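Following: one structure in structure tokens, then a few remarks.
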Amino acid sequence: MNARNAIAIVILSCAALLTGCVVGPDYQRPDVVMPEAWRIDYSSAEDFSNARWWQQFNDPVLDELIETALKENLDIRIAASRVDQFLGQLSTTRAEFFPQLNGGGGVSRNRISEEAFGSAPGSDPYYTQYEAALGASWQLDLFGRVQRQTEAAQAQVYSSEQGRRGVILSVVTGVTSSYVALRGLDRQLVIARETELSYKASLELFKLRHKYGTVSQFEVDQVDSQYRLARAAVPLIEAQIAAQENLISILLGRPPGQLARGRTLDDMNIVGVPEALPSSLLTRRPDILQAEQNLISANATVGVAESLYYPDISITGTYGRASEDLGDLLDSSARIWDIGASITAPIFTFGRIAGQIQSAEAVRQQAQDSYRFTILNALKEVNDALVSTDKTSQNFLALKQRENALASYARLADMRYEGGASSYLEVLYANSELFQAQLNTVDSQVGYYSSLINIYKSMGGGWIDQAADIAEPMPEPVADKPAGTESLIPDSWR
């Protein structure tokens, strides 16, 4: 007993002396040079980087779509489950800091050899053994192996949470961009249908004129070609609208189907550009935060590998009762116990530990380079979005002015034709150019709005946390309906 106490005292003393002796490198954030200014300056713009910027469109339908997506999008739910997964792994790793307790009991029927040394002649070789015991084991973390493992596991939790924030960022910007594109297609469909009806009326008029000999069949065919061209554009745009609605439906976590509409493209408010756009905003981007947490985890894993060079010290103990008679199991004479300590240390591993350290350091280097690359890519995306917004606004303005000029040209061409000053070819050319210009102007307007959205996507910002507050966990299944029995297939196709 005294010897065992001495062993315990020695081990606990070593633990006290070596507390805080953690091997491996401590994490230090790599130095990254950030720009002082962007290629495009928006110093006079209003700062909405931390607000729910999509509400600036002032479209209640868009607000409802985003709220639905945040609550029902399956990618967000998968990401949330991944956070829970890493939380469970962290709990498992942390448990190694503490003694592990267990209990057990059993009964066995045994027979001993009658010929064995020490066996009494004529004794009953059969006996029954009853046992009940509590056991404990504790592996002392003298060199920080468990601490480094915990650091790595905790970083993975943070990394998975940033992954979830990244999914939320993509869902919000994806729904917004897709909805803006949908409203652009709606506008193009209106233009195509109005043009089709206008050409149809002209065709009927020219057929009537041809009947009375005032125009030739050649001119009738020219008008008919215009009508057919506009009519052919309608089903193509309708197909694009259906595909866009299906895309948004998937983002909403629902089967493909038609969607409600809110404001038209022209009635939407223009989203403001965040003021000054400090590069420090990038530090809140989910992908950058996730990359840094992956680097922290990889750095801690190097310490785990280096700790393999040092001894493992474990303390074990058991206390219980054992008896041949169940009724004697609680007697003091039936007590059993043991306590012990063990130490294992590597002597010759022939490069096994060195190889693990080399591998861990390589993974850390990869994570560090990935962190730097993520920051560089973020800088690129912000600059791309800023330049694109500036240039697409100029492009949209120029195309809008061209559309207005072509509208005037088409009107004057029609007047010249009716006055006999030109052929219908001039009218045909003017109307064809106007129709295509109207469609191009809408595309440019959608591109401009999309560039503004990409600024918020590339900068990150506090709005992601506000969006995350809207997201909710998966609801519990209905009580009288087994989970998984509901149909995800629509009753009918579009």
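The table below lists the values:
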| quantity | calculated |
| --- | --- |
| Exclusive hit being in contact (Cβ under 8 Å) with a residue 60 or more places away in the chain, within 30 Å of G327 (Cβ to Cβ) and either exposed (fewer than 13 other Cβ atoms within 10 Å of the Cβ) or polar (S, T, N, Q) (or both), set T128, T68 | T128 |
| Pick from the range 217-247, criterion within 46 Å of the chain's Cα centre (by Cα) and polar (S, T, N, Q), ranking: farthest from L428 (Cα to Cα) | N246 |
| Residue check, V146 under 25 Å from the mean Cα position of the chain (by Cα) and of a type in the set (V, I, T) | no |
| Count of residues meeting criterion [assigned to a helix (DSSP H, G or I) and either in contact with a Cys (Cβ under 8 Å, 6 or more places away or on another chain) or at pLDDT below 75 (or both)] in the range 433-484 | 0 |
| Evaluation of L259 against (1) modelled with pLDDT under 85; (2) under 38 Å from the mean Cα position of the chain (by Cα) (one fails), failing number | (1) |
| Residue tally, condition surrounded by 12 or more Cβ atoms within 10 Å (Cβ to Cβ) and under 28 Å from A133 (Cα atoms), over the range 106-120 | 2 |
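Let's see how each residue does on (1) buried (at least 16 other Cβ atoms within 10 Å of the Cβ); (2) modelled with pLDDT of 85 or more; (3) in contact with an Asp or Glu (Cβ under 9 Å, 6 or more places away or on another chain):
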site: L326; (1), (2), (3): no, no, no
site: L329; (1), (2), (3): yes, no, yes
site: R335; (1), (2), (3): no, no, no
site: G340; (1), (2), (3): no, yes, no
site: I347; (1), (2), (3): no, yes, no
site: L379; (1), (2), (3): yes, yes, no
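Yes/no per residue for (1) among the small types (G, A, S); (2) more than 21 Å from L439 (Cβ to Cβ); (3) exposed (fewer than 15 other Cβ atoms within 10 Å of the Cβ):
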| position | (1), (2), (3) |
| --- | --- |
| L182 | no, no, no |
| R187 | no, no, no |
| K200 | no, no, no |
| Y212 | no, yes, yes |
| E219 | no, yes, no |
| Y227 | no, no, no |
| A230 | yes, no, no |
| Q240 | no, no, no |
| R254 | no, yes, no |
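The values are calculated or read from the model by the stated rules, or taken from the named source; none is laboratory data. Every value quoted in this text rests on a predicted model; they were computed, and no experiment measured them. We place every Cβ from the backbone using ideal geometry, glycine too, and count neighbours over all the protein chains shown.
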